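Quick note: the coordinates plus some simple rules give every number you see, no bench work behind them. Since this is a predicted model, take the numbers as computed values, not measurements. We place every Cβ from the backbone using ideal geometry, glycine too, and count neighbours over all the protein chains shown.
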Amino acid sequence: MSGTNFVDYVKIFCRSGKGGPGSRHLRREKFIAKGGPDGGDGGRGGHIIIRGNRNTWTLLHLKFQRHIFAGHGESGGRQTSTGANGEDKYIEVPLGTVVKDGETGETLFEITEHNEERILVKGGRGGQGNNHFKSATNQTPRYAQPGEPETEMSAILELKVLADVGLVGFPNAGKSTLLSVVSAAKPEIANYPFTTLVPNLGIVEYRNHRSFVMADIPGIIEGAHEGKGLGLRFLRHIERNSILLFMVPADSDNIHQEYKVLFNELKQYNPELLDKQRLLAITKSDMIDDELQAEIEADLPDVPYVFISSVAQKGITELKDMIWKELEASNKE
């Protein structure tokens, strides 16, 4: 998924359909004098409906289609026939899409399941025909209800990637390399900061045909929660991960300190992220010997950890085992 094709935020303008007017028709047939009112109801205006689609990965299809209008309901007819409803408009979105009011920023709902449907803007109700207004004292009403008007609103759609494991680390911590080794994902990998410009997802195969989803989140830097670097834009994708895998290179000056900085950025952005299970992977460990590894272990934070090397395939199996153990534990809660 290239950066130009990954769209995780879009603002759209929606307008539902107006309801059709009721009919004021009076029955006129041969041999039937004063047949009375037989006007039917108008049709309902079309809804704007958000629908989840597990085969959609971004909001790219909405980037150039930001005005969405539903169809209007048709007028009622004779013989109490109801007018046709207006055409509903469906907006297909990836799972994990949060829908907000474009004016107030209030969260309206979130789409998390395939084919889940939520009405964003309701169509206007159709007006009642004059058949509804007849009575003993008013046997030939010559009036009917107009249909309800359409409703307009702007909405913000935000995608938050749904994954079991989210990779958290500074630029060039080895996140993309790990994802390319344990899954079929092919993220861009280069020896410069911020190589990853969009989240990448990969399905990691485990024992006995089991698997889990891993997300490579673009690198976080100190001050990301204030808008520095790319972190602020993509920190929201971490909110939907079950486990946060912190990744710090073995050649860092102070592994414990880097972990604290990353931890603090998540805390400043959203304190609820601290409730998620945290794991630590010390990457590029093929560059250190056993003696240096022992020194590093003596000053690590109090979280489950493993030393890995994606290039040398070191510790990858142990990492998968550790992740799967935590996933099973979280599913039992």
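Here is how the numbers come out for the structure above:
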item	result
Cα-centred dipole magnitude for the chain, charges only on beta-carbon of K, R (+1) and D, E (-1), debye, nearest 20	2980
Inter-part distance where the range 21-70 and the range 266-332 are each reduced to a Cα centre, Å	56
Candidate lysines - alpha carbon under 24 Å from K30, same-chain residues fewer than 8 apart omitted	K134
Across K11/K320; K175/K267; K34/K89, pairs whose alpha-carbon gap is larger than 31 Å	K11/K320; K34/K89
Partner aspartates and glutamates for K122 [C-alpha distance under 19 Å; skip if fewer than 8 residues away on the same chain]	D41, E74, E87, D88, E92, D101, E103, E106, E110, E148, E150, E152
Which listed pairs, of K63/K160; K100/K276; K160/K260, have C-alpha distances above 19 Å, in listed order	K100/K276; K160/K260
Antiparallel DSSP beta bridges within the range 1-100, percent to nearest 5	20
Beta bridges per DSSP with both ends in the chain, % antiparallel, nearest 5	50
Environment charge of Q65, counting only residues whose C-beta is closer than 14 Å and scoring Lys/Arg +1, Asp/Glu -1	+4
Cβ-derived FRET efficiency at R0 25 Å, Y206 paired with Q313, nearest 0.05	0.95
